[in-house]
Amino acid sequence: MNLRSSNEIKAEAQRLGFFACGIAEADRVSADEENHLRSWLERGMNADMAWMNNYLDKRLDPRLLMDGLRSIVSVAMNYAPAKTLPAGEPQFAAYALGRDYHDVVKQRLHRLAAFVYGEERVSQANYRVFVDSGPVLERYWAVKAGLGWVGKNRQLIIPRAGSMFFLGELFLDMPLDYDTPMPDRCGRCTKCMDRCPTRAICADRPFDAARCLSYQTIENRNNLSEEARRTMGNTIYGCDICQEACPWNRFAMPTDIPEFQPNEELLAMTRERWRQLTIDDFRRLFKGSAVKRVKYEGLMRNISNLFRNFTS
């Protein structure tokens, strides 16, 4: 017997600050999705992110991640910035301006689980929470749960809301009412592909992670590619160009979630202060931030390239 109905779970998710919530039946992914993923990995389109090859069986069948898994609750949390870094100064991808989203979304998903099972029973309940932290195909399950569709820029697009959302999943051991996927609404629009400075997203080949500026400036532990050095402009962490080009993001509303607001010291940073950034400055500025992933050395590599371009 279910402790909560699907509608009650969705209402509580909204109360907890999630913009959208849907529910999918846990099962093996479709044959098309499996074939696409296997082909993409075999062609090496994941660059040197070898971890994407790990636990492939679990990526393809989430029931292997939790005994008794019946339902996947997919949530989306808005991070569209209410404040941005000053124009002309070094820039960060919008998702990185506030606190680390892994912590923020996970905490609220655990609170959603407490609502489902009850505060007194949740510690013994059979559930799992994922936020970009396990072998889960997040966008696939968000589509299955009816939240939106995956656009040509490989982002989940929510109708009349855009793509600036963090995704998370709550795995439950109970059957629920399941939502219906919606069709792709990108149509013949190619604005994201037209604007991508490195052609990482292109109509005639799969998404190429090695060319993506987000990969180059964050995940890449080696020197920046020549293409990245030439095209990254004044961005020193990540890239939002394909999202900025997407017409659906004209509907994006600034987030009111306190944890995703940039701190005043970050907003006050100038080009010269970035040039003189010390490791202590880095630790202070990005304590509790996703930017820690790039490490001090990686951020300084990106900053150095910005100044090289600026003076050349």
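Contact map, region 55-74: first residue in contact (Cβ under 8 Å) with a residue 60 or more places away in the chain, second residue part of a loop (DSSP other than H, G, I, E, B) and polar (S, T, N, Q), Cβ cut-off under 6 Å, separation 6 or more or different chains; pairs are G68/N126. Residue check: is E219 acidic (D, E), farther than 17 Å from V150 by Cα and either surrounded by fewer than 22 Cβ atoms within 10 Å (Cβ to Cβ) or touching a residue at least 12 places away in the same chain (Cβ under 8 Å) (or both)? The answer is yes for E219.
Checking each residue in region 69-111 for being part of a loop (DSSP other than H, G, I, E, B) and either more than 17 Å from the chain's Cα centre (by Cα) or of a type in the set (S, T, Y) (or both) picks out L69, R70, Y79, A82, K83, T84, L85, P86, A87, G88, E89, P90.
Every residue, every condition in (1) closer than 12 Å to S74 by Cβ; (2) over 20 Å from the mean Cα position of the chain (by Cα); (3) not in a loop (DSSP other than H, G, I, E, B), yes or no:
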position	(1), (2), (3)
D132	no, no, no
N153	no, no, no
I157	no, no, yes
R160	no, no, no
D177	no, yes, no
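Based on this model, can you work out whether F286 counts as open to solvent by less than 40 Å² (accessible area, probe 1.4 Å), out of contact with any helix residue (DSSP H, G or I) (no Cβ under 6 Å at 6 or more places or on another chain), among the hydrophobic types (A, V, I, L, M, F, W, C) and at pLDDT 95 or above? Answer is no for this residue. Could you go through region 231-239 and let me know if any residue there is within 22 Å of K83 (Cβ to Cβ), among the β-branched types (V, I, T) and either touching a Pro at 6+ places or on another chain (Cβ under 9 Å) or assigned to a loop (DSSP other than H, G, I, E, B) (or both). Yes - at least one qualifying residue is present in region 231-239.
Scan region 1-21 and report the pairs whose first residue is over 13 Å from R111 (Cβ atoms) and whose second residue is assigned to a loop (DSSP other than H, G, I, E, B), with Cβ atoms within less than 6 Å and a gap of 6+ or a chain change. Cβ pairs passing all conditions: N2/M174; S6/L176; S6/D177; A20/L147. Scanning region 19-41 for residues that are part of a loop (DSSP other than H, G, I, E, B) and aliphatic (A, V, I, L, M) yields A26, V29. When P254, P247, P258 are screened for being closer than 29 Å to C192 by Cα, open to solvent by 60 Å² or more (accessible area, probe 1.4 Å) and not aromatic (F, W, Y), only P254 passes. Which members of region 217-274 meet the condition of being small (G, A, S) and over 18 Å from the mean Cα position of the chain (by Cα)? Listed by number, the residues that qualify are S225, A228, G233, A268.
When the residues of region 137-151 are filtered to those that are part of a loop (DSSP other than H, G, I, E, B) and hydrophobic (A, V, I, L, M, F, W, C), the one that is surrounded by the fewest Cβ atoms within 10 Å (Cβ to Cβ) is L137.
The values are calculated or read from the model by the stated rules, or taken from the named source; none is laboratory data. Note that the structure is predicted; figures quoted are calculated from it, not measured. Methodologically, a virtual Cβ is constructed for each residue, glycine included, from the backbone with ideal geometry; neighbour enumeration extends over all protein chains shown. Keep in mind that these areas ignore ligands, DNA and RNA; they rest on the heavy atoms of the full protein, side chains included. Shrake-Rupley method; radii C 1.70, N 1.55, O 1.52, S 1.80 Å.
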